[in-house]
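The numbers here are math on the coordinates, done by the rules we state, and not lab data. If you're wondering where the values come from, they're calculated on a predicted model, not measured in any experiment. Cβ placement follows ideal geometry from the backbone for every residue including glycine, while neighbour counts extend to all protein chains displayed.
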Amino acid sequence: MRRYGWTISAVMAGCLLAGCSALPALPGMGGAKADPAATGTPTASSTPTPARAVSDQEATSVLADYVKRNNAANKARSDELLAGYEGGSSFTIDKASYASSRILRKTIKYQPFGYTNAAFHTPAAGQEPWFLATAHWQRKPTTAKEPTYLLFARQADGWRQMYSPDAFDGTTTDELPAIAADASAVGPTDGTGLLMSPADFAKKYASHMVGKGTAADKSLFAADSITTGAAKTRQRMNQYARITSTARPATRYPSYTLRTTDGGALTFTTIERTIRYDVRQGPERNYVFQKDSGILRGKYYTYMKITDLFQVAAHIPPKSGKPDQVKVLANYSGLVAGSGR
């Protein structure tokens, strides 16, 4: 994941020692979002579009302001500045990452970020004012190959960045689902013409993340690095710790969905996951620890419990008479709480 401009790993990379079995990084885990700098000015699409809830001109201005304010907050690691332009699960994830970073390092060498080649997608006029940008993260001399989704919503006191998932490694912009210029927003429980509603997706995918759900439900999802990585971790760690995992839609954070040109939908939602590792004791004294985290520090000889949030972007295909699968496309996540002894 893109980070501030320094390297702080909030990834699950712990190690249970008794022979030392790595607790590998779960794909997509990250610290606070690397916020855009003024490098690579966003450019709006030149394609004529129907009347929309937010114009490309306004969206371009919002994104540029976000770039400027995010870099300032990241440099200062300031919760107060962060709260001025982020909301929803983005704010919760990044605030926790700031807290972790301040504990781990008193000072940082900050390098600003930016985004380039931005294109905007907005619900049709008359709908709730929010918009989606697809852009490429940039910090000279590097530009990411994979696109990032940046979703902004207008609130009473101004615009807030609500989602910022990065497309999985190897994904190109052309592989993302196309969104019509006059796309309509989809309500959480609206499954009209879709394989499943956005709310059903969040519920079933949360179970799938932790290896639960029926076989029929699991078959509804294409393989992705979040679920496959989590399954490998559970298998690898089982000999060292008894693992209890739960996940659920984090409904306190808003979700957003737009219709795609194929009749499906692109949905953004937040999943909360909790994992507890109860150390299995044997001839040697085992322990588990969380690498590079200010929230979880030290070694835990009895148990370790973590809670993380996952922002996921997924394409829900249109309902048809043929078997089909939901494809998770992008993710942004971070550790937000932890305990142990």
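With an 8 Å cut-off on Cα pairs and a minimum separation of 6 or more residues, tell me the relative contact order of the range 82-187 in percent.
Relative contact order, the range 82-187: 27 percent.
Arrange the peptides 305-314, 291-300 so that the one whose residues have, on average, the most other Cβ atoms within 10 Å appears first.
Descending mean neighbour count gives 305-314, 291-300.
With a sphere of radius 13 Å drawn around the Cβ of ASP217, what net charge do the other residues whose Cβ falls strictly inside it have (Lys, Arg +1; Asp, Glu -1)?
Net charge around ASP217: +3.
For the range 15-340, build the charge dipole from Cβ charges (+1 Lys, Arg; -1 Asp, Glu) around the Cα centre, then report which of LEU81, LEU195, ALA59 sits farthest towards its positive end.
It is LEU81.
Please compute the net charge surrounding GLU175, taking Lys and Arg as +1 and Asp and Glu as -1 over other residues with Cβ under 11 Å from its Cβ. Don't jump to the answer; show the numbers that get you there.
Working: positive: LYS327; negative: GLU146, ASP174.
That works out to -1.
Take peptides 137-149, 158-170 and line them up by average Cβ neighbours within 10 Å, highest first, as a rough protection proxy.
Ranked by mean Cβ neighbours within 10 Å, highest first: 158-170, 137-149.
How high is the relative contact order of the chain, given as a whole-number percent (alpha carbon pairs under 8 Å, six or more residues apart)?
That works out to 21 percent.
For the range 224-341, what is the convex hull volume of the alpha-carbon atoms per residue, in Å³?
121
Quick check on the chain: helices-only [θ] at 222 nm, where DSSP H runs of length 4 and up contribute -39,500 (n - 2.57) each and the sum goes over total residues. Nearest 500, please.
-6500 deg cm²/dmol
Positive end of the dipole of the chain, charges at C-beta (+1 Lys, Arg; -1 Asp, Glu), about the Cα centre: which of SER339, ALA231, SER207 has its Cα farthest in that direction?
SER339
Could you size up the charge dipole of the chain around its Cα centre, putting +1 on the beta carbon of Lys and Arg and -1 on that of Asp and Glu, and report it in debye to the nearest 20?
1620
Taking the alpha-carbon centroid of each part, what is the distance from the range 143-184 to the range 84-117 in angstrom?
Using only Cα atoms to place each centre, the spacing works out to 19 Å.
Distance cut-off 18 Å, Cα to Cα: go down the list LYS75/LYS106; LYS109/LYS299; LYS204/LYS232; LYS212/LYS291 and report the pairs above it. Working shown, then result.
Numbers: LYS75/LYS106 12 Å; LYS109/LYS299 28 Å; LYS204/LYS232 20 Å; LYS212/LYS291 27 Å.
Table pairs above 18 Å Cα-Cα are LYS109/LYS299; LYS204/LYS232; LYS212/LYS291.
Under 20 °C and 1.002 mPa s, how fast does the chain diffuse according to Stokes-Einstein, given a Kirkwood radius computed over C-alpha pairs? Answer in µm²/s, whole number.
Rounded, D is 104 µm²/s.
Is any helix in the chain, taking whole DSSP H runs, at least 20 angstrom long along its axis by alpha carbon and on average at least -1.0 on the Kyte-Doolittle scale, and which ones?
56-76, 88-104
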